[in-house]
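Heads up: the structure comes next, in structure tokens.
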Amino acid sequence: MLYEIKNDKIMLQVDTFGAEIHSLKLGSLEYIWQCGDAWMRYAPILFPFISSPKDRKYLVNGKAFRMNANHGFARDMDFKIIRKNMDILLFELSSNEETKAQYPFDFILQVSYRLIGNAVDINYIVNNIGNTSMYFYLGGHPAFNCPIDEGEFSDYEIVYDRIENLMYQNGEPLQNVSEGRIVSLTRSLFDNDAIILDHPNSKAITLRSKKSTHSVTVKYPESNAIAVWSPTGDDQATFVCLEPWTSVPIDYDDAEIELCKKEHAIKLNSGQKFYYNYQIVIE
């Protein structure tokens, strides 16, 4: 079920399925990719994994588990709506038989969206309600229209707010980079999949047009990784994902199959809560 909130600047719609943003508008201008054959998502939540371990398999205390799908299960589950007022939506997902068949921990995941001017403040809270420590990865995967209003995909650029060492995972340097932080978009830019930065210098990233004043910025003050992705070679993929993550994906840690030993997994002790925040600002 879709829920809508708005203020005098922007309108936001979020579905209880996956607690996923479906629409974010400034006036009549839509900023969120409206789901299509090129990618059948809008802005999924990645939990308890970012990406997948090899063959989607891993161990917890020597016992084998397997995820049913990539990026965990939160994006494919119904959340409860806990709170709705003029500018806030709060959703909740609790562990159950379906989650524990894939991931043996007891948890509550809350996701809130709050409108502040022309921005959406997004907060995740993971509550470990079990008797043992739990381990997880967490992130956002919002897809933004590109072009936002008019023009072509190649009329846009990605701008990091600080200078970065912009390389592909295979060590090759990115093309079309200026000032160490501005990347001109081309379809071939994503031939090597997503552009992922581990512990980036930047705390914000912007998708902006070279021909208009429209842009979208993702601010990620608490993220240890930021990814940029669009399907390569598909002219129908008129979107770019700006993805703030708690850390690099679980597949970076595939040398170790035990979840508790994976370098980038977050450990949360029994009874503790983990807080994670990022913002989307549209112009």
Members of the stretch 183-217 found to be part of a strand (DSSP E or B), within 15 Å of the chain's Cα centre (by Cα) and closer than 14 Å to Pro173 by Cα, listed by number:
Ile195, Ile196, Leu197
Among the residues of the stretch 228-283 satisfying the criterion of being charged (D, E, K, R) and in a loop (DSSP other than H, G, I, E, B), which is nearest to Ser209 (Cα to Cα)?
Glu283
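Determine which member of the set Phe144, Phe136, Phe107 is touching a residue at least 60 places away in the same chain (Cβ under 8 Å) and over 22 Å from Lys25 (Cα atoms).
On the way: Phe144 fails: over 22 Å from Lys25 (Cα atoms); Phe107 fails: touching a residue at least 60 places away in the same chain (Cβ under 8 Å).
Selected residue: Phe136, the only one of Phe144, Phe136, Phe107 that is touching a residue at least 60 places away in the same chain (Cβ under 8 Å) and over 22 Å from Lys25 (Cα atoms).
Going residue by residue through the stretch 97-111, is there one that turns out to be aromatic (Phe, Trp, Tyr) and within 28 Å of Asn7 (Cα to Cα)? Walk me through it before giving the result.
Within the stretch 97-111, the first condition is being aromatic (Phe, Trp, Tyr), and the residues that meet it are 103, 105, 107.
Remaining after also requiring within 28 Å of Asn7 (Cα to Cα): none.
No, because not a single residue in the stretch 97-111 is aromatic (Phe, Trp, Tyr) and within 28 Å of Asn7 (Cα to Cα).
Rundown of residues vs (1) under 12 Å from Ile158 (Cβ atoms); (2) of a type in the set (A, V, I, L, M); (3) at pLDDT below 95; (4) surrounded by 22 or more Cβ atoms within 10 Å (Cβ to Cβ), yes/no style:
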| residue | (1), (2), (3), (4) |
| --- | --- |
| Arg181 | yes, no, no, no |
| Asn192 | no, no, yes, no |
| Ala204 | yes, yes, no, no |
| Leu207 | yes, yes, no, yes |
| Ser215 | yes, no, no, no |
| Val218 | yes, yes, no, yes |
| Trp229 | yes, no, no, no |
| Cys241 | yes, no, no, yes |
| Thr246 | no, no, no, yes |
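So is Asn7 surrounded by fewer than 15 Cβ atoms within 10 Å (Cβ to Cβ) and more than 30 Å from Ala265 (Cβ to Cβ) or not? Reasoning before the result, please.
Working: surrounded by fewer than 15 Cβ atoms within 10 Å (Cβ to Cβ): yes; more than 30 Å from Ala265 (Cβ to Cβ): yes.
For Asn7, the condition - surrounded by fewer than 15 Cβ atoms within 10 Å (Cβ to Cβ) and more than 30 Å from Ala265 (Cβ to Cβ) - is met.
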(1) among the charged types (D, E, K, R); (2) at pLDDT 95 or above; (3) in contact with a strand residue (DSSP E or B) (Cβ under 9 Å, 6 or more places away or on another chain) all hold for Asp149 apart from (2)
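Please enumerate the residues belonging to the stretch 23-33 that are in contact (Cβ under 8 Å) with a residue 60 or more places away in the chain and out of contact with any Leu (no Cβ under 8 Å at 6 or more places or on another chain). So that I can check it myself, show each step before the final result.
Initially, the stretch 23-33 is screened for residues in contact (Cβ under 8 Å) with a residue 60 or more places away in the chain, giving 24, 26, 29-33.
If the condition is that a residue be in contact (Cβ under 8 Å) with a residue 60 or more places away in the chain and out of contact with any Leu (no Cβ under 8 Å at 6 or more places or on another chain), then Leu26, Leu29, Trp33 are the ones that fit.
The values are calculated or read from the model by the stated rules, or taken from the named source; none is laboratory data. This structure is a prediction, so every number in the text was calculated from the model and none was measured. Neighbour counts run over all protein chains shown; Cβ positions are idealised from the backbone, glycine included.
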